[in-house]
Amino acid sequence: MNIIFLGAPGAGKGTQAEIVSEKFAIPTVSTGNIIRAALKNGTEMGLKAKSYIDAGLLVPDDVVIGIIRERLAEDDCKNGFILDGFPRTIPQAEALEEMGVVIDKVVDIDVADEAIVARLSGRRVCKSCGSSYHIDYKKPAVDGVCDVCGGELIQRADDAPETVLNRLHVYHEQTEPLKSYYASKEKLVTVKGQEKVADTTALTLRALEEQA
Ligand code: AMP
């Protein structure tokens with residue numbers, strides 16, 4: 001199954017993507033994680049992306065489309081994949097189609113803007129593997145330490161309040177139109193994001209099963 005997770009930054013799509021990925025044994029492809037790894041490794045693409053990420057803006061379409069084209073051609077994507085954070089614009093969705101990628105389902109995790117701001121300020125991510133936590137809603141077993149790999153948990157620079165407002169604005173302007181794009185193709189399922197991760201997961205799995 002090829003699935004897209006849509007939603008505002010901090011709506012919890014990354015967490016849901018990780019859970020569904022494990023359950024369905026298909027990889028999650030997160031453009032945000034790929035770009036952050038490139039940044040950390042100081043590659044040319046990472047350097048190009050840095051100023052956009054720091055400002056809470058989208059990296060240009062041609063850069064992310066290139067990333068996705070390469071990643072989806074890898075062997076582990078042959079039996080399905082989950083896209084987390086891609087597409088974020090209509091041209092990116094069109095590029096997917098032009099690549100011949102057939103999407104089975106688009107899950108929109110719907111969370112109000114006010115809740116997003118609170119969620120992002122409490123989000124912590126693993127410096128090593130990128131796993132996501134929250135100081136109230138998804139605590140690690142040991143404070144400040146990643147459950148998955150033991151790495152250090154930090155706050156993402158782009159989770160700073162000023163940048164969050166920019167990212168939300170960009171989401172409404174450029175990404176939200178994808179909801180009607182996929183609704184018109186009868187691929188969209190909407191999940192109301194709940195306070196507890198497990199409650200959102202139950203709704204996500206039901207939505208995926210119902211329409212399968
Ligand atoms: P994320 O971790 O998905 O919130 O992504 C972090 C940042 O990476 C975003 O704020 C963008 O600057 C950039 N980014 C990730 N995915 C995309 C995409 N599909 N299109 C453009 N920029 C992206």
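The values are calculated or read from the model by the stated rules, or taken from the named source; none is laboratory data. Quick caveat: nothing in here was measured; it's all calculated off a predicted structure. Backbone-built Cβ (ideal geometry, glycine too); neighbour counts: all protein chains shown. We work out accessible area using only protein heavy atoms, side chains counted, and drop any ligands, DNA or RNA first. Shrake-Rupley method; radii C 1.70, N 1.55, O 1.52, S 1.80 Å.
So, taking all protein chains as they sit and a 1.4 Å probe, how much accessible area belongs to residue 147, in Å² rounded to tens?
Result for residue 147: roughly 90 Å² accessible.
If every alpha-carbon in region 60-123 counts as one equal scatterer, what log10 I(q)/I(0) does Debye give at q = 0.30 1/Å?
Results for region 60-123 at q = 0.30 Å⁻¹ read -1.39.
Whole Å is fine, so just give me how far the alpha carbon centre of region 169-184 lies from that of region 96-119.
Computed from Cα coordinates, the inter-centre distance equals 9 Å.
Could you grab the Rg to Rh ratio for region 3-134? Cα atoms only, Kirkwood for Rh.
With Rh from the inverse mean 1/r over Cα pairs, Rg/Rh is 0.94.
Sorting 137, 181, 52 by accessible area (1.4 Å probe), largest first, what list results?
137, 52, 181
Which value, in debye to the nearest 20, gives the size of the charge dipole of the chain about its Cα centre, when Lys and Arg are +1 and Asp and Glu are -1 at the Cβ?
Magnitude of the dipole: close to 320 debye.
Might you tell me the accessible area per residue for the chain, computed with a 1.4 Å probe and given in Å²?
51
Can you check what the net charge comes to around residue 133, using other residues whose Cβ is under 11 Å from the Cβ of residue 133 (Lys, Arg +1; Asp, Glu -1)?
Taking every other residue near residue 133 into account, the sum is +1.
How much net charge surrounds residue 55 when only other residues with a Cβ under 12 Å from its Cβ are counted (Lys, Arg +1; Asp, Glu -1)?
Result for the local shell: -1.
Just reorder 43, 204, 190 by solvent-accessible area, largest first, 1.4 Å probe, all chains present.
Listed by decreasing accessible area, they come as 190, 43, 204.
What distance in nm separates the simple spin-label points at residue 43 and residue 207, each placed 7 Å from Cα in the Cβ direction?
3.0
Taking the Cα atoms of region 110-202, report the difference between the largest and smallest coordinate on each principal axis, in whole Å and largest first.
Principal extents (Cα only, largest first): 44, 32, 22 Å.
Expected output is a single nm value to one decimal: the length gained when fully extending between residue 148 and residue 70, i.e. 0.36 nm times separation in residues minus the C-alpha distance. What is it?
Extra length available between residue 148 and residue 70 comes to 25.4 nm.
With the dipole of region 98-212 worked out from charges on the C-beta (+1 for Lys and Arg, -1 for Asp and Glu) around the Cα centre, which of 117, 100, 141 lies farthest toward the positive end?
Going by the charge dipole, the pick is 141.
Carbon-plus-sulfur fraction of the accessible area of region 1-130, 1.4 Å probe, in percent?
52
Near residue 163, within a Cβ-to-Cβ distance under 15 Å, what is the net charge of the other residues, with Lys and Arg +1 and Asp and Glu -1?
Here the count lands on +1.
Given 86, 198, 25, which one lies farthest toward the positive end of the charge dipole of the chain, if we put +1 on the Cβ of every Lys and Arg and -1 on the Cβ of every Asp and Glu?
In the chain, that residue is 198.
Which whole-number percent is the relative contact order of region 42-168 (Cα, under 8 Å, 6+ apart)?
26
Give me the mean projected area, in nm² to one decimal, of the convex hull enclosing the Cα positions of region 1-65.
5.0
Please work out the Kirkwood hydrodynamic radius for region 159-212, using every pair of different C-alpha atoms, and report it in angstroms with one decimal place.
13.2
Once fully extended, how much extra length lies between residue 199 and residue 186, figured as 0.36 nm per residue of separation less the alpha-carbon to alpha-carbon distance?
2.2 nm
Largest first, what is the accessible-area ranking of 156, 69, 124 with a 1.4 Å probe?
Putting 156, 69, 124 in descending order of accessible area: 69, 124, 156.
Relative contact order for the chain using alpha-carbon pairs under 8 Å, separation at least 6, rounded to a whole percent?
29
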